[in-house]
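The values are calculated or read from the model by the stated rules, or taken from the named source; none is laboratory data. Note that the structure is predicted; figures quoted are calculated from it, not measured. Here the Cβ positions follow ideal geometry from the backbone for every residue, glycine too, while neighbour counts run over all protein chains shown. Accessible surface is based on the protein model in full, side chains and every heavy atom, while ligands, DNA and RNA are left aside. Shrake-Rupley method; radii C 1.70, N 1.55, O 1.52, S 1.80 Å.
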Amino acid sequence: MIRTLNRLYWVGYFLFAYTLYFVMRVWVHLSIDNALTLSISLTMGLLFLAHVGFNISGFALSFSVRQLPQVRDKGMPFHSTEGEGFHSLSVLRWVKAVAAESLASFKLIMLQQPWFKIDEGIRLAPKAWKKKKPLPVLLIHGYLCNAGVWSHTRNMLEKANVTTHAITLEPAIGSIRRYSTQIHEAIEDLLKATGAPKVKILAHSMGGVAARYHATEFGHHRIAGMMTLGSPHFGTALSSLGVGKNVRQMAWGSYFLKTLREHPTDREFQEKTISLWTPQDNIVCPPSSSKLEFGRNIAVPGCGHVSLVTDSTTEDLILNWLAEDAQEYCQK
């Protein structure tokens, strides 16, 4: 669904570019080559500027939302905004953060999701294993995304001899509860394909919440651990800008998230979960909503919600995490 939606966007882009071309040819009397080049350049430039504007707005909203009394005075010590590093970034680092997030979101939405081959399914690591090897990893994307978000990450993990399985959650705007069976089946498929005793889960954004709910339905005995990247564990105030039941379930203080936290299995699963979060998150508002109450929280400052996935610090933390419990097992 998301792939189709992103392709439909391009219909509008082409119409806009053709309108510019028509104006350049008929009214400005440019040559065909110059009109074509200018119309395409202006269209792509305006689209990129739209991404920049959206992300700047997201960073600004992220900061303003955390100042609201109902957020600031929530009574959760681990959600304190002190020491988040939000104000410590220099102007240059802020510019870099906005640029990196704009480029990452532009590439994902404009190119990867609609046009690149979606690398779903299991990608087995080379069989030239060392005696100890990392456990296989299930990759779960976030809201309004698909498995394409993991393109860079899968290449990085393949070089580290890690087997991965990327899935696309469907329906794209359905209930998070409906993803549990799909996650369960993906875990079983990954275990059968590798012969590993357990798997690890790497989840971005909504994917982390979906995996937590899955654990309350199917247990977490086959999951050695999970690392979430920018997951709105306590919701996000920007959920009102999205559509679908899943985004409403991720609203700040939603009934779904409240009952999820109250489930005894969720606390058990949180204890084996690491949350990587960025104090500059432009989608999860306030950014501290990505912090877990009973899990381990690691801040990765200086990047946005999408660029958090491919940040060099994130990659190092992922590889170190996977090396922690590398073990012997016979890959099939």
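State the number of residues belonging to region 1-25 that are open to solvent by less than 70 Å² (accessible area, probe 1.4 Å) and of a type outside the set (Gly, Ala, Ser).
Looking only at region 1-25, we keep the residues that are open to solvent by less than 70 Å² (accessible area, probe 1.4 Å), and these are 2-3, 5-6, 10, 12-13, 17, 20-21, 23-24.
Going one step further and asking which of them are of a type outside the set (Gly, Ala, Ser), we end up with 2-3, 5-6, 10, 13, 20-21, 23-24.
Of the residues in region 1-25, 10 are open to solvent by less than 70 Å² (accessible area, probe 1.4 Å) and of a type outside the set (Gly, Ala, Ser).
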Of the candidates 233, 263, the one satisfying the condition of being open to solvent by 30 Å² or more (accessible area, probe 1.4 Å) and closer than 16 Å to residue 295 by Cα is 263
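Taking residue 208, is it in contact with a His (Cβ under 8 Å, 6 or more places away or on another chain), within 24 Å of residue 326 (Cβ to Cβ) and among the small types (Gly, Ala, Ser)?
Numbers: in contact with a His (Cβ under 8 Å, 6 or more places away or on another chain): yes; within 24 Å of residue 326 (Cβ to Cβ): yes; among the small types (Gly, Ala, Ser): yes.
Criteria met by residue 208.
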Considering only residues that are touching a residue at least 24 places away in the same chain (Cβ under 8 Å) and open to solvent by 10 Å² or more (accessible area, probe 1.4 Å), look in region 278-298 and name the one that is farthest from residue 265 (Cα to Cα).
283
Considering residues that are part of a helix (DSSP H, G or I), buried (at least 20 other Cβ atoms within 10 Å of the Cβ) and hydrophobic (A, V, I, L, M, F, W, C), the number found within region 246-259 is 2
Check off (1) of a type outside the set (Gly, Ala, Ser); (2) without any contact (Cβ under 8 Å) to a residue 60 or more places away in the chain; (3) closer than 16 Å to residue 58 by Cα for residue 301 and give me the number that stays unchecked.
(2)
Has region 139-158 got any residue that is open to solvent by 10 Å² or more (accessible area, probe 1.4 Å), part of a helix (DSSP H, G or I) and among the aliphatic types (A, V, I, L, M)?
yes
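Report whether or not residue 35 is in a helix (DSSP H, G or I), among the aliphatic types (A, V, I, L, M) and open to solvent by less than 50 Å² (accessible area, probe 1.4 Å). Outline the logic, then answer.
Numbers: in a helix (DSSP H, G or I): yes; among the aliphatic types (A, V, I, L, M): yes; open to solvent by less than 50 Å² (accessible area, probe 1.4 Å): yes.
Yes; evaluated as a whole, the condition is true for this residue.
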Residue 192 being of a type in the set (D, E, K, R) and not in a helix (DSSP H, G or I):
no
Which of (1) among the hydrophobic types (A, V, I, L, M, F, W, C); (2) more than 16 Å from the chain's Cα centre (by Cα); (3) modelled with pLDDT of 90 or more; (4) open to solvent by less than 10 Å² (accessible area, probe 1.4 Å) is the odd one out, the single condition residue 122 does not satisfy?
(4)
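Of everything in region 291-328, what is part of a helix (DSSP H, G or I) and closer than 23 Å to residue 55 by Cα? Give them in sequence order.
Selection gives 312, 313, 314, 315.
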